[in-house]
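The values are calculated or read from the model by the stated rules, or taken from the named source; none is laboratory data. Computed from a prediction, not measured in an experiment: that's the story for all the values here. Methodologically, a virtual Cβ is constructed for each residue, glycine included, from the backbone with ideal geometry; neighbour enumeration extends over all protein chains shown. Accessible surface areas use protein heavy atoms only, side chains included; no ligands, DNA or RNA. Shrake-Rupley method; radii C 1.70, N 1.55, O 1.52, S 1.80 Å.
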Amino acid sequence: MPHATLQIIRDEHAALAAVLRSLLMMMERGPGDEPERFFDVLRAMLFYIDEFPERRHHPKESDLLFPRLVRAAPELMPVIRQLEADHMSGESKVRELQHLLLGWELIGESRRISFTDTARVYVAFYMTHMRTEETQVLPAAEKALGPSDWVELDAAFARDRDPLAGGLRDPCYERLFTRIVLTAPAPIGVGPA
């Protein structure tokens, strides 16, 4: 039986992966003739990562899904511990990227490599994190959790969803999403490839 929680997590992972791939594509392309626009959209992407996956998606996993899963399948404790460590370090990693991006923007090319190297490591870290959740945690949850768990999880995960993954668009974020979608290349946006 399909559970809304599992699909919401996969959808939110897909949205984040698209943003991360677009970030790498833009980073490789560089500022070109429009540095203001370039740095503006990269800042918007990093803000999105901090605002949605870090502050909304991860807490639901950490506070609701992981504790239930560890009780039902204690053999997953090492995996959950690693994922929790990833969650705990995620916000500081995004803040570091924001700082390095600002350094590149304000100080110039001498700071580019620091940002791009750190961004590549960050994207690889995040993709591995999501793959671990999707290949180990979600299948185990589907097998181990009971109907009452899913009722509560489905209700919690349906609230406050990522707008890039099918959640309701909050007007206060409209400028953020418009900025990302109009400037970023596919798969997240309609900007130049």
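Numbers for the structure displayed
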quantity: Top-ranked residue in the range 52-95 [being within 21 Å of D162 (Cβ to Cβ), among the acidic types (D, E) and open to solvent by 60 Å² or more (accessible area, probe 1.4 Å); ranked as modelled with the highest pLDDT]; calculated: D63
quantity: Lone qualifier among I49, I8 - being touching a Phe, Trp or Tyr at 6+ places or on another chain (Cβ under 7 Å) and within 24 Å of R159 (Cα to Cα); calculated: I8
quantity: Among the candidates P35, P53, P74, residue that is free of Cβ contacts under 8 Å to residues at least 12 places away in the same chain and not acidic (D, E); calculated: P74
quantity: Selection from the range 120-137 of residues that are farther than 17 Å from L100 by Cα and over 13 Å from the mean Cα position of the chain (by Cα); calculated: T132, E134, T135, Q136, V137
